[in-house]
Every structure is written in C-alpha cells, then in structure tokens.
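Values in this text are rule-based calculations from the coordinates and carry no lab data. Since we're looking at a predicted model, the values are computed, not measured. A quick note on method: Cβ atoms are made from the backbone with ideal geometry, for glycine too, and the neighbour counts reach across all protein chains shown.
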Amino acid sequence: MFLLHILPALDAPELQKHLVSCVSAIEGKPLDKIYLMQLGTSVLQAEKKFNDTVGMGGRALESLIANGRINALLDLSAVEVSDHALGSIVSAGESRMEAAGKMGIPQIVAPSCIDGYDVATWQPLPPRFTGRPLHVHNRLISALSTTKEEKAMVGNVMAEKLNKSVGPTAVVIPLQGLSEWDRPGSDLYDPGGIIAFTEAFKDKIKPEIKVIELDAHLNDKIFSDTVLSLFDEMMPKVP
C-alpha cells in the first residue's frame with residue numbers, strides 16, 4: 001500500500017511536525033512506501049521519496065495513482081491546479097487532481113497555496129500584473145498574489161475536478177490562511193480571497209463530498225489534527 005503526503009508550504013513547522021508524527025504512526029500499518037511531495041522545505045528526511053509541486057511532481061503523482069501505485073492520498077498542495085488554471089509557466093497539466101477521484105481511492109484535499117500564481121523570478125512581470133503583491137520564493141520562482149476573482153475561479157475548477165470522484169473524498173479549508181505567506185502583514189495575505197474561493201467551491205461541489213471549514217490557518221495544529229482524524233476515518237475503506 002502507498003500513501004502520499006503533499007506538504008503545502010515553506011516554513012510550515014506545525015504541519016510538518018504533526019505529519020512527521022503521522023508518518024511514524026502509519027509506518028506501523030501495512031504500508032510499503034510513503035511518497036512525498038512538497039512545496040518548499042521539509043523536516044521529513046531523505047529516506048522518503050520527494051518531489052516538488054512545481055509541475056513535474058504533480059505529473060508524476062497523477063501517473064503513479066493512475067497506475068495503481070497509491071492507495072490513499074493527502075493532497076495538501078493545490079498550487080499546480082491554480083497555476084494551470086491561471087496559465088502559469090508552472091503546470092502539472094489539466095488532469096492534475098483527477099486521478100485519485102477516477103481510481104476511487106480515498107483522498108483528503110486542501111486548497112493550500114492557491115493564494116500565489118507562480119512566475120519566473122528572473123523575468124520582468126507583464127504590465128497587467130503591475131502593483132500586485134509578490135513573494136520571491138527563490139531565484140527561479142516567485143509567487144504573485146492571486147485576486148479574489150482568480151481564487152473564485154480556482155474554487156470552481158477544483159470543485160469540477162473533485163465532483164468526478166467515485167471514491168471517498170473530503171476537503172479541509174483553513175479560513176485563516178492558505179500558506180505561510182498568507183498571514184497578516186505577509187505578501188499574499190488576502191482573507192477576502194479565501195471567502196471568494198470558499199463560496200465558489202461550496203456552490204459547485206456535490207453534496208456527498210465532505211467539506212470542513214476551519215477557523216484556523218493552514219499551519220495551525222488543528223488543521224493537521226483534522227486531516228489526520230479524517231485519514232483515520234477513511235483508511236478502513238482502503239482494501
């Protein structure tokens with residue numbers, strides 16, 4: 001059996017710490033391997049397999065799921081979905097966040113990191129982006145703040161993708177921030193945008209998909225606790 005964790009943000013100590021605990025716990029279950037993807041850095045060590053959520057990682061993930069190599073999914077970094085929907089140079093393709101639903105495996109999803117639109121750090125910004133908040137991630141990639149309208153559009157896209165699911169699916173939305181850079185005083189802080197995403201997503205998602213709204217930040221302990229509680233609920237459904 002394979003389990004995937006996708007870590008959602010650089011400098012996410014609380015979530016990382018609790019996912020480390022989760023990994024340690026589930027290694028006592030009949031898991032052969034844990035496949036990890038991350039955006040940024042992680043306290044998890046290199047004996048696990050890592051890929052970044054910068055396009056190639058998402059394509060690899062979807063392929064692994066489609067080939068029956070993963071039996072349960074914690075999809076906690078949706079940046080590749082928003083990047084593709086908004087036309088970023090970083091893309092995992094139009095089928096990102098669809099393989100798990102088609103294969104019917106349990107999945108827990110969060111809209112983390114949709115607050116930023118990835119652009120090349122070394123290239124000048126197109127004039128239409130002038131004035132938008134920008135977070136420089138590294139010398140290759142920077143995150144440009146997404147607007148309320150763009151977040152709402154991503155909410156529609158994610159709902160359409162997850163509505164295709166034939167297996168158990170749950171979505172956890174942290175209403176106080178979608179990345180470490182989505183906090184008061186940070187580059188991508190946009191509470192109104194989270195509301196726009198949530199309203200658009202809930203308006204389109206089918207009722208049988210469980211949606212949990214948390215009055216918390218993505219990196220708060222309650223978020224990771226909620227994800228792990230859902231994981232315990234859903235795992236018995238895995239053959």
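Details
- Proximity of backbone amide H atoms, modeled 1.01 Å from N, is registered between GLY116 and THR146 at under 5 Å, excluding neighbours fewer than 5 places apart on the same chain.
- Sequence-separation-based contact order of the range 107-201, relative, with Cα cut under 8 Å and 6+ spacing, percent: 38
- Cα-centred dipole magnitude for the range 111-188, charges only on beta-carbon of K, R (+1) and D, E (-1), debye, nearest 20: 100
- All alpha carbon pair distances within the range 50-194 were sorted into 5 Å bins beginning at 0; the resulting P(r) in whole percents reads 2, 10, 20, 23, 20, 13, 8, 4, 1.
- DSSP beta bridges in the range 83-223 [antiparallel fraction, %, rounded to 5]: 50
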